[in-house]
Amino acid sequence: MVDSLRGSSLRIAVASGKGGTGKTTIAASLALSLAAAGSPPLFLDCDVEAPNAHLILHPNLGRREDVAILIPRVDEAACTHCGRCAEVCQYHAIAVLGKRVMVFPPLCHGCGSCREQCPEHVISETPSVIGVLEAGPARAGIAFARGVLNIGEPMAGPVIRRLKQWAKPEAGQPVILDAPPGTSCPVVESIRRTDFLLLVTEPTPFGLHDLKLAVEVSRELGLPVGIVINRDGVGNAGVEDYCRAENLPILLHIPYERAIAEATARGRSLLDVHPELETRFQAVFEMIVDAVGARA
């Protein structure tokens, strides 16, 4: 089973309970390490509110597609104001007040329930562009794609969902998804239906607190988890104690070094500073393959 997984499009999500832990640095390093081993992955930057993996992977973004959701439009003249549309909208994006129907586009998820349930069939839908998808080749032969949410738009989920449908791996190509930080809906949308969750944390009280939240999400989704401790040496042993108690494997430690921070600020990768980590990341991938295979 493990051997067959090595030839499949294994989907690895890289996430963190909090921002600023170095999640994108780790995700890009894993991608570059796989490319160096002859298996350049598909890299999806799902942090659509603040995508920045391009700063390390330097893609040539030649492919582009808008992302739109369908917003209801009500024919008021034909509407009987029965209120059925408001009843079925779980997001409260449509309301019936007397003889008037009010639509709130920022709350609409484009699910189409109001249109489907309208007994008079007087609701149509119009597309509203909320973001864009971009793709192209990146460093070391990595296939790169990202979503970018338009400024002022409140919902990242539809852009992430469309990105995962739009960018398809080749047969046997690994997929690395760089998720948004935190544990909210965009994170869940990014990591669900993946094979493994790599959680990046830091050995601080804040890092531990948010790691616990991320682990809870992973368990709700039934995802196997591995931990990377970044900035090792800056805090205390709380994260390691927690991982030991919860039987969470720590797959890699990244040292706390000024040189790493300076390199990433200049758009260089972690491997440019520590080339020896290339084989360590390749070993992490093998451990992930083994962990997924053991569950299959």
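Please work out which one of (1) out of contact with any strand residue (DSSP E or B) (no Cβ under 9 Å at 6 or more places or on another chain); (2) under 17 Å from residue 178 (Cα atoms); (3) crowded, with 16+ Cβ neighbours inside 10 Å is the condition residue 242 fails and give its number. Tallying (1) out of contact with any strand residue (DSSP E or B) (no Cβ under 9 Å at 6 or more places or on another chain); (2) under 17 Å from residue 178 (Cα atoms); (3) crowded, with 16+ Cβ neighbours inside 10 Å, residue 242 fails exactly one: (2). For segment 95-116, the set of residues classified as among the aliphatic types (A, V, I, L, M) and either more than 29 Å from the chain's Cα centre (by Cα) or not in a helix (DSSP H, G or I) (or both) consists of 95, 96, 97, 101, 102, 103, listed by residue number. Pairs under 7 Å by beta carbon, first residue under 19 Å from residue 256 (Cβ atoms) in segment 271-293, partner of a type in the set (Asp, Glu) and assigned to a helix (DSSP H, G or I), six or more apart or different chains? If the second residue must be of a type in the set (Asp, Glu) and assigned to a helix (DSSP H, G or I), the pairs left are 271/278.
Being touching a Phe, Trp or Tyr at 6+ places or on another chain (Cβ under 9 Å), farther than 25 Å from residue 295 by Cβ, crowded, with 20+ Cβ neighbours inside 10 Å and in contact (Cβ under 8 Å) with a residue 60 or more places away in the chain is a property that does not hold for residue 156.
The helices (runs of 4 or more DSSP H) found entirely in segment 223-296 that carry 2 or more residues being farther than 19 Å from residue 22 by Cα are 238-245, 277-295. Here 113, 128, 124 are screened, and the one residue that is among the hydroxyl-bearing types (Ser, Thr, Tyr) and surrounded by 17 or more Cβ atoms within 10 Å (Cβ to Cβ) is 113.
The residues on offer are 130, 176, and the sole one that is more than 17 Å from residue 52 (Cβ to Cβ), modelled with pLDDT of 95 or more and in a strand (DSSP E or B) is 130.
Any residue in segment 79-96 that is among the aromatic types (Phe, Trp, Tyr) and under 30 Å from residue 212 (Cβ atoms)? Among the residues of segment 79-96, at least one is among the aromatic types (Phe, Trp, Tyr) and under 30 Å from residue 212 (Cβ atoms), which makes the answer yes. Restricting the first member to segment 96-112 and to residues that are among the aromatic types (Phe, Trp, Tyr), and the second to residues that are in a loop (DSSP other than H, G, I, E, B) and surrounded by 11 or more Cβ atoms within 10 Å (Cβ to Cβ), the beta-carbon pairs closer than 8 Å and six or more apart or on different chains are 104/93. Being part of a helix (DSSP H, G or I), touching a residue at least 12 places away in the same chain (Cβ under 8 Å) and in contact with a helix residue (DSSP H, G or I) (Cβ under 6 Å, 6 or more places away or on another chain): is that true of residue 218 here? Considered against the rule, which asks whether it is part of a helix (DSSP H, G or I), touching a residue at least 12 places away in the same chain (Cβ under 8 Å) and in contact with a helix residue (DSSP H, G or I) (Cβ under 6 Å, 6 or more places away or on another chain), residue 218 comes out as no.
The values are calculated or read from the model by the stated rules, or taken from the named source; none is laboratory data. This is a predicted model, so every value here is computed, not measured. Methodologically, a virtual Cβ is constructed for each residue, glycine included, from the backbone with ideal geometry; neighbour enumeration extends over all protein chains shown.
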